[in-house]
Amino acid sequence: MTDPDPATLTGSAGGPLLVERHDGVVVLTLNRPERRNALTSQLLDDLRRTFETAEADPTVAVVVLTGTGRGFCAGLDLDELSSAEGGLSSGGVVGTMRGPLPAISKPVLGAINGDAITGGLELALVCDVLLASPEARFADTHTRFGMLPAWGMIARLPARIGTARAMEMSLSGRFVAAHEAAAWGLVNRVVPAGDLLAETLALAQMIAGNDQGAVEAVAGLYRDVADGHAAAAWEREAAAADRWQGAGVDPTHVAAVRESVVERNRIGT
């Protein structure tokens, strides 16, 4: 991996993952705006390795996750997913892990600058606290593709917004706007787009200014309780996804539905 360098927590300008240091805060920015920051197998690898590096670095207190352009993350890259040769079609990438990123003890804040769709919504749900711009929208479109979640959606989404609202999102695939998401409890608050990153950084630095050991212990307790309540959901989701998707994703099927899904996402229905 060349971008970012996992040993130094730096990323090259223009790369698919940008890494910035702000004292004890590391900001990770998905940087594929032309694809609404859709996740490729390489970008997922970069994110995972950078999370692991941040976890091992005692000078990092908080991680912030955001995106460039109009989208936070459009989920898995449809071009790579629909290619038999693409890394995303293998069970190892789409497989049954508790979220797209490794669990870390550091608090993770999300600055949701635009659409968070399916895998992008699951990425947002990795974050402990979410701030969103008014342009942000949230959707789970797994059923539009004939797929099942495998990254903890069934456990995390109802924990945030309740089972009935989570089912509405997952069964319909409809887009939920930022203010509705805030009213439901999916995001903590909505912030003007021009202030989103600054306000998220201010909160991150407030957290970083506290005793790091205590912060990590309290965050760990919250997560342990939440994961304990959701343990059965984690296991049922993993087993169902394994049965449904088998060894991997069928790229032929994904390619067949790709254009209609893209059009429906474009108009937000």
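For this structure, a couple of remarks:
- The set of residues in the range 149-179 that are over 16 Å from Ala124 (Cβ atoms) and without any contact (Cβ under 8 Å) to a residue 40 or more places away in the chain comprises Gly162, Thr163, Ala164, Met167, Glu168, Leu171, Ser172.
- Within the range 19-122, helices (runs of 4 or more DSSP H) holding 3 or more residues that are surrounded by fewer than 21 Cβ atoms within 10 Å (Cβ to Cβ) and modelled with pLDDT under 95: 41-56
- Just one of the listed residues (Ala219, Ala231) is out of contact with any strand residue (DSSP E or B) (no Cβ under 7 Å at 6 or more places or on another chain), in a helix (DSSP H, G or I) and at pLDDT 95 or above, and it is Ala219.
- Residue count for the range 180-201 satisfying the condition of being more than 30 Å from Arg21 (Cα to Cα) and either touching a residue at least 24 places away in the same chain (Cβ under 8 Å) or of a type in the set (Gly, Ala, Ser) (or both): 2.
The values are calculated or read from the model by the stated rules, or taken from the named source; none is laboratory data. This structure is a prediction, so every number in the text was calculated from the model and none was measured. Neighbour counts are summed over all protein chains in view; Cβ atoms, including those assigned to glycine, are modelled from backbone coordinates with ideal geometry.
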